[in-house]
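Each value in this text was obtained by applying a stated rule to the coordinates, not by laboratory testing. Computed from a prediction, not measured in an experiment: that's the story for all the values here. For neighbour counting, all protein chains shown are included, and Cβ atoms are generated from backbone atoms with ideal geometry for every residue, glycine included.
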Amino acid sequence: MRGARVVQKVSSTRAFARVAPHVVPALDRAFHRLTKGRVLLSAHMLPGVVLTSTGARSGLPRRTPLACMPEDNGRHWILVGSNFGRPGHPAWSHNLLAHPEAEISWKGRDVPVTARLLAGEERAAAWQALLAFWPPYAAYQARVEREIRVFRLVRRQ
């Protein structure tokens, strides 16, 4: 897993935080479109989804490729509003707070979900699992004063 450690180290840097938000989502959107939803380029580092949320102010659909931590054999997903360790909360997290019903593209399938912001002990437990899953989240949290938002997405019937 030496390669994974190198990727984690690089993704923890401030330089990565400056560049990645502009490059990674654009590449992910292109690969997702070209492969009809089957491939996210960033999924070679972490599992990923494409979140379709409703804009908090605009009410328009917003598609955002995101890393995730699958739970319960892909029946739940944890999303982290790390914003690559940048100061503000990412726009998609505002959208989920305003409109928790959303959809994700997971392994080429569209899945309707409901998002819930985690707090208290539930957030603390999820955060510990996230740090074991992707240690750079600790570096992201250390760089910002805000508490990074953590959401659990649950499949809707």
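Within segment 99-156, report the trypsin sites (Lys or Arg not before Pro) that DSSP leaves as loop and that have at most 16 other Cβ atoms within 10 Å.
Working: sites: Lys107, Arg109, Arg116, Arg123, Arg143, Arg146, Arg149, Arg152, Arg155, Arg156; in loops: Lys107, Arg146, Arg156.
Of the trypsin sites (Lys or Arg not before Pro), the ones in loops of segment 99-156 whose Cβ has at most 16 other Cβ atoms within 10 Å are Lys107, Arg146, Arg156.
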Principal axes of segment 44-157: Cα extent on each, largest first, Å = 34, 33, 29
request  = Taking the Cβ of Ala98 as the centre, find all other residues whose Cβ is under 15 Å away and add up their charges (Lys, Arg: +1; Asp, Glu: -1).
outcome  = +3
key: Nonlocal amide H pairs with Ala56, under 5 Å, H built at 1.01 Å   = Asn95
